[in-house]
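These notes are about the structure you will find just below.
The values are calculated or read from the model by the stated rules, or taken from the named source; none is laboratory data. What you see is a predicted model, and the numbers here were worked out from it, not measured in a lab. Using ideal geometry, Cβ is built from the backbone for each residue, glycine included, and neighbour counts are taken over all protein chains shown. The protein model used for the area step is the full one, side chains on, heavy atoms only, and it has no ligands, DNA or RNA in it. Shrake-Rupley method; radii C 1.70, N 1.55, O 1.52, S 1.80 Å.
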Amino acid sequence: MMCSLSNEVPDDPVVSKKSGLLFSRRLVEQHIKEYGKCPITKEELTLDDLMPVKTNKVAKPRPLQAASIPGLLGMFQNEWDALMLSNFALEQQLHTARQELSHALYQHDAACRVIARLKKERDEARMLLSQAERQIPLTTASAANNVVSNGKRAVEDGELGPDGKRIRPGINPVMINELTECNSLLSAQRKKRQIPPTLAPVDALESYTQVSSHPLHKTNKPGILSVDIHPTKDVIATGGVDMNAVLFDRSTGQILCTLSGHSKKVNSVKFVPRDELFVTGSADKTVRVWQGAEDGNYDCRHVLKDHTAEVQAVTIHATNNYFVTASMDNTWCFYDLASGSCLTQVGEASGDEGYTSAAFHPDGLILGTGTSEAQVRIWDVKTQSNVAKFDGHVGAITALSFSENGYFLATAALDGVKLWDLRKLRNFRSFSPYDSNTPTNAVEFDFSGSYLAIAGADVRVYQVANVKQEWNLIKTFPDLSGTGKVTSVKFGGDAKYLAVGSMDRNLRIFGLPGDESGDTKS
C-alpha cells in the first residue's frame with residue numbers, strides 16, 4: 001500500500017470513503033484543513049470522510065543512500081557541509097549585528113553630547129535673559145521708586161494703585177525660573193554633600209573658651225544686636241545700638257571700616273558674597289545696601305524706604321541676587337539687589353503685630369518669618385502665599401534658623417527654642433534653657449548642620465541629631481559681658497570658632513585656647 005500523495009508506505013494509512021484512495025493521515029488531514037478538498041479528485045472532503053486502515057507494522061526499507069558505507073559517508077559529508085554553511089551564515093549575521101549596534105551606540109553618544117551642549121547654551125541664554133530682565137525693567141522701576149545711589153530719595157512716593165498702595169513690579173516668570181533652577185541645583189548638591197572632614201569635632205568644641213574680645217562700638221551707646229560672618233573671608237560684621245555697622249578682620253584683629261548713616265539702632269546685618277555687597281536693616285525704617293570699594297571701605301549704594309516701621313531682619317537668597325526684609329509694619333519685602341527695587345511687598349500694615357525675624361530655606365523657595373504675636377509662618381516665595389503656620393511659642397519670635405539639610409527649623413522666643421520637622425510640619429523637640437523672664441535671643445545652625453547654638457543669658461551649643469534621638473548639650477559659654485543678655489551668635493567656618501555679641505560694646509570670639517586669629521586645629 002502506497003500513499004497517493006507521497007508514493008511511500010504511510011505510517012498511519014487512511015482511506016477516503018468517497019474516492020477509495022489511500023493516504024497518509026498526516027498529509028491528507030493537513031491538506032483538508034487548508035483546502036477542504038480531496039488532493040487527487042478535487043471533490044469536497046472532510047475529516048469525517050476518512051476511514052483508518054488497520055495494517056501490520058512494516059519496517060521501512062532504508063533509503064538507497066544509506067544502503068552502503070560510501071552512501072552513509074556521502075550523507076554525513078552533506079550534513080557537515082550544510083552545518084558549516086549555516087554556521088558561516090550565522091557568523092556573518094552576528095558581525096553585521098555588531099556593526100549596526102556599534103553605529104547605533106556612536107549615534108546615541110553623539111546625540112547625548114549635542115543635547116548636553118544645547119542644555120548648556122539654553123542655561124546660559126536663560127541666565128543672560130534673567131540679567132537683562134533685572135537690569136532693564138527693574139532699573140526703570142528703581143528710578144520710579146526714586147531710589148538713588150547717593151543714599152537719598154526724592155519726596156515722591158512713586159505711582160499708587162487704586163487701593164492707595166504703591167505698585168510693585170512683581171516677581172516675573174524669568175525670576176521664578178531662576179529661583180526654581182537654583183532650588184533644583186542646591187537640592188541635588190545637598191543630597192550628595194558629606195560632612196566636611198575639616199569640621200571641628202565635638203571634643204574640640206568642649207575645649208572652646210573666650211580667646212579674644214574686641215570693643216567695636218561706642219561706649220555711650222553699647223550693645224551689639226546682630227552678627228554675621230563672610231562665607232569666604234575671615235571678616236565679621238556687627239550691627240549696634242550706636243547706629244553703626246562695623247566690619248572686623250578676625251585674622252588681623254583690626255576694624256576694616258565703620259558704616260554710618262542709619263539714624264537709629266542697626267537690627268540686622270548680612271553679607272552678600274557676590275560683588276562685595278553688604279545689607280543692613282535698622283529701626284529707622286530703612287534698609288541700606290553697601291558696595292565694597294577697592295580701598296576697603298564701603299559706600300552706600302541704595303537706601304530703601306519701603307517699610308513704615310522698624311526693620312527687624314534681613315535675609316539673603318541663595319542666588320545672591322535677591323534679599324528679603326521683615327518689618328514691624330507687618331509686611332516683608334522681596335528686593336532685587338542689583339537695582340535695589342522692591343519687587344513685591346507682602347502683608348497688611350497693622351499696628352497689632354509685626355514681623356520680628358526672617359530666614360530663607362537653604363534651597364531658596366521657602367521663607368520663614370516670625371511675628372511679635374508668637375507665630376511662625378512659612379511662605380512659598382514664588383507665589384508669596386502662606387503655606388504653613390507654627391503656633392506654640394510664648395512671646396515674640398526673636399530668631400529663625402533652617403538646618404543645612406533643609407529638614408529642620410529652629411525658632412527662638414521668650415519660652416526658649418522649638419525644633420520643627422518641616423516634612424511633617426510638627427514640633428518634635430523644645431529647649432527651655434532659661435527662666436520665664438529671660439528670652440532666648442538667637443538660635444543658629446552651623447553651615448554643616450552638625451551643631452546648634454542658642455543664646456540668651458549665656459551661649460549653649462548642642463549636637464544635632466534626628467527627630468527621635470536626643471540632642472546633647474556640648475558646651476555652655478557664660479555671658480562675660482556682665483549684662484546677662486547675649487543677643488547674637490554665629491559659627492565661623494567649619495565651626496572653628498563662635499562670634500558672640502552682647503549688650504556691651506565688645507565682640508567676643510570663642511575657640512580653642514591660644515587660637516586668637518588663625519584657624520582652629522582639630
Q) Does region 284-302 hold any residues that are open to solvent by 10 Å² or more (accessible area, probe 1.4 Å), over 18 Å from Asp249 (Cα atoms) and of a type in the set (A, V, I, L, M, F, W, C), and which are they? A) Cys300
(Q) I'm checking my understanding of the structure. Among residues of region 258-283 that are under 17 Å from Val324 (Cβ atoms) and basic (Lys, Arg), which one is most open to solvent (accessible area, probe 1.4 Å)? (A) Arg274
Q) Looking at region 432-445, is at least one residue of a type in the set (Gly, Ala, Ser), more than 22 Å from Ile378 (Cα to Cα) and in contact (Cβ under 8 Å) with a residue 60 or more places away in the chain? A) no
Q | Tabulated pairs, region 18-30, first over 12 Å from Cys3 (Cα atoms), second among the β-branched types (Val, Ile, Thr) and surrounded by fewer than 16 Cβ atoms within 10 Å (Cβ to Cβ), C-beta under 6 angstrom, 6+ apart or interchain | A | Ser19/Thr41
(Q) Just the residues that are part of a loop (DSSP other than H, G, I, E, B) and either surrounded by fewer than 17 Cβ atoms within 10 Å (Cβ to Cβ) or of a type in the set (Ser, Thr, Tyr) (or both), please, taken from region 243-254. (A) Ser251, Thr252, Gly253
Q: Give Pro201, Pro222 a once-over and let me know the one that is open to solvent by less than 60 Å² (accessible area, probe 1.4 Å), at pLDDT 80 or above and touching a Lys or Arg at 6+ places or on another chain (Cβ under 8 Å).
A: Pro222
Q: Among the residues of region 449-465, count how many are buried (at least 21 other Cβ atoms within 10 Å of the Cβ) and either without any contact (Cβ under 8 Å) to a residue 24 or more places away in the chain or not hydroxyl-bearing (Ser, Thr, Tyr) (or both).
A: 8
Q: Quick one: Leu185 ticks every box in (1) loosely packed, with under 15 Cβ neighbours inside 10 Å; (2) at pLDDT 90 or above except a single one, so which number is it?
A: (2)
(Q) Among the residues in region 171-179, are any within 30 Å of Ala318 (Cβ to Cβ), open to solvent by less than 50 Å² (accessible area, probe 1.4 Å), modelled with pLDDT of 75 or more and not in a helix (DSSP H, G or I)? (A) yes
Q. Pairs, please: C-beta under 8 Å, at least 6 apart or cross-chain, first residue at positive phi and in region 204-227, second crowded, with 18+ Cβ neighbours inside 10 Å and assigned to a loop (DSSP other than H, G, I, E, B)?
A. Gly223/His217; Gly223/Val241; Gly223/Asp242; Gly223/Lys265; Gly223/Met503; Gly223/Asp504; Gly223/Arg505
Q) Taking region 330-358 only, how many residues are surrounded by fewer than 22 Cβ atoms within 10 Å (Cβ to Cβ) and among the aliphatic types (A, V, I, L, M)? A) 4
Q: Those residues that are open to solvent by 20 Å² or more (accessible area, probe 1.4 Å) and in a strand (DSSP E or B), I need them from region 361-378; list them, please.
A: Ile366, Arg377
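Yes/no per residue for (1) modelled with pLDDT under 90; (2) part of a helix (DSSP H, G or I):
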residue: Glu29; (1), (2): no, yes
residue: Glu34; (1), (2): no, yes
residue: Ile40; (1), (2): no, no
residue: Asp48; (1), (2): no, yes
residue: Lys54; (1), (2): yes, no
residue: Lys57; (1), (2): yes, no
residue: Pro61; (1), (2): yes, no
Q: Considering each residue of region 384-426, count those that are part of a loop (DSSP other than H, G, I, E, B), within 19 Å of Pro362 (Cα to Cα) and open to solvent by 40 Å² or more (accessible area, probe 1.4 Å), and give that number.
A: 6
Q: Give the residue that is surrounded by the most Cβ atoms within 10 Å (Cβ to Cβ), with candidates limited to residues of region 1-40 that are among the β-branched types (Val, Ile, Thr) and in contact with a helix residue (DSSP H, G or I) (Cβ under 7 Å, 6 or more places away or on another chain).
A: Val14
**Q.** Conditions (1) open to solvent by 30 Å² or more (accessible area, probe 1.4 Å); (2) in contact with a helix residue (DSSP H, G or I) (Cβ under 6 Å, 6 or more places away or on another chain); (3) of a type in the set (Val, Ile, Thr); number of the one not met by Thr476
**A.** (2)
**Q.** Qualifying residues in region 230-242 (those that are touching a Lys or Arg at 6+ places or on another chain (Cβ under 6 Å) and open to solvent by 20 Å² or more (accessible area, probe 1.4 Å)) - the one nearest to Gly296 (Cα to Cα)
**A.** Asp234
Q) In region 439-448, how many are open to solvent by 30 Å² or more (accessible area, probe 1.4 Å) and either under 22 Å from Leu480 (Cα atoms) or not in a loop (DSSP other than H, G, I, E, B) (or both)? A) 2
Q: Among what's in region 488-516 and is over 30 Å from the mean Cα position of the chain (by Cα) and part of a loop (DSSP other than H, G, I, E, B), pick the residue that is surrounded by the most Cβ atoms within 10 Å (Cβ to Cβ).
A: Arg505
(Q) Between Lys485, Lys468, which is more than 14 Å from Thr209 (Cβ to Cβ), free of Cβ contacts under 8 Å to residues at least 40 places away in the same chain and either open to solvent by 20 Å² or more (accessible area, probe 1.4 Å) or of a type outside the set (A, V, I, L, M) (or both)? (A) Lys468
